[in-house]
Amino acid sequence: MKEMTAGNLRSAFGGESQAHMRYLIYADKAKEEGFNNVSRLFTAISDAERVHATHHFKTMADVSGAFLVPSMAGFGYSATSANLDIAIGGESFEINEMYPSYIAVAKDQEEGSAEESFRYSYLSEKIHLKMFQKAKEAVDNGKDVDLGVVQICQECGYTKEGDAPAQCPVCKKPKEWFKAFA
């Protein structure tokens with residue numbers, strides 16, 4: 001694997017791993033504040049971020065060694081509204097800056113598996129952003145978000161509210177690949 005793409009995969013792995021943990025911490029805070037659905041949303045999206053990190057890591061199967069891994073990561077632990085702001089900022093960065101450039105580099109370097117891994121994450125992050133924005137609006141109005149079952153594809157991290165689709169629209173895995181957060 002070409003070094004620029006491998007470096008981008010390591011960075012994406014680091015960022016997704018941190019998002020996974022950050023969202024679990026934010027889930028606990030939301031629950032503590034009585035926002036049980038926001039807590040469940042953070043927990044579900046945390047799982048999608050774990051799926052992304054795992055996919056990035058496995059895509060680097062031919063890369064080994066110790067590396068310093070730079071990654072963009074939001075920090076801060078406050079009330080749920082502020083935590084949602086941090087999540088929204090992180091998802092926006094991934095959608096608007098990080099993944100488009102990583103996809104372009106992987107495509108240019110003809111690293112198809114990396115391009116696919118980045119695309120899986122990019123498409124999911126767009127959904128996460130909308131879900132976090134909806135949750136923030138509710139929390140800022142003093143309410144918990146109205147939220148159905150959240151489904152996470154365990155292959156690509158695709159996220160959907162409601163019933164799992166018969167086939168993932170991103171990676172084409174069957175319904176059985178979805179994990180429900182009810």
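Worth a mention:
- Positions within the stretch 80-97 being surrounded by 13 or more Cβ atoms within 10 Å (Cβ to Cβ) and over 14 Å from the mean Cα position of the chain (by Cα), in sequence order: THR80, SER81, ALA82, ASN83, ASP85
- Number of residues in the stretch 146-173 that are surrounded by 22 or more Cβ atoms within 10 Å (Cβ to Cβ), more than 14 Å from ASP47 (Cβ to Cβ) and under 15 Å from the mean Cα position of the chain (by Cα): the value is 0.
- Residue count for the stretch 19-33 under the criterion of being surrounded by fewer than 24 Cβ atoms within 10 Å (Cβ to Cβ) and either closer than 18 Å to LYS134 by Cβ or in contact with a Ser or Thr (Cβ under 7 Å, 6 or more places away or on another chain) (or both): the result is 6.
- In this structure, SER81 does satisfy being among the hydroxyl-bearing types (Ser, Thr, Tyr), touching an Asp or Glu at 6+ places or on another chain (Cβ under 6 Å) and closer than 25 Å to PHE181 by Cβ.
- Residue in the stretch 129-145 that is crowded, with 19+ Cβ neighbours inside 10 Å and polar (S, T, N, Q) present: no
- Test: residue in the stretch 2-11 that is touching a residue at least 60 places away in the same chain (Cβ under 8 Å) and surrounded by fewer than 16 Cβ atoms within 10 Å (Cβ to Cβ): yes
- Among residues of the stretch 106-139, those that are at positive phi and of a type in the set (Ser, Thr, Tyr), counted: 0
- Output for the stretch 31-79, where each listed residue is modelled with pLDDT under 95, more than 23 Å from SER117 (Cα to Cα) and within 19 Å of the chain's Cα centre (by Cα): PHE75, GLY76, TYR77
The values are calculated or read from the model by the stated rules, or taken from the named source; none is laboratory data. Just so it is clear, the structure is predicted and the values come from calculations on it, not from any experiment. Neighbour counts run over all protein chains shown; Cβ positions are idealised from the backbone, glycine included.
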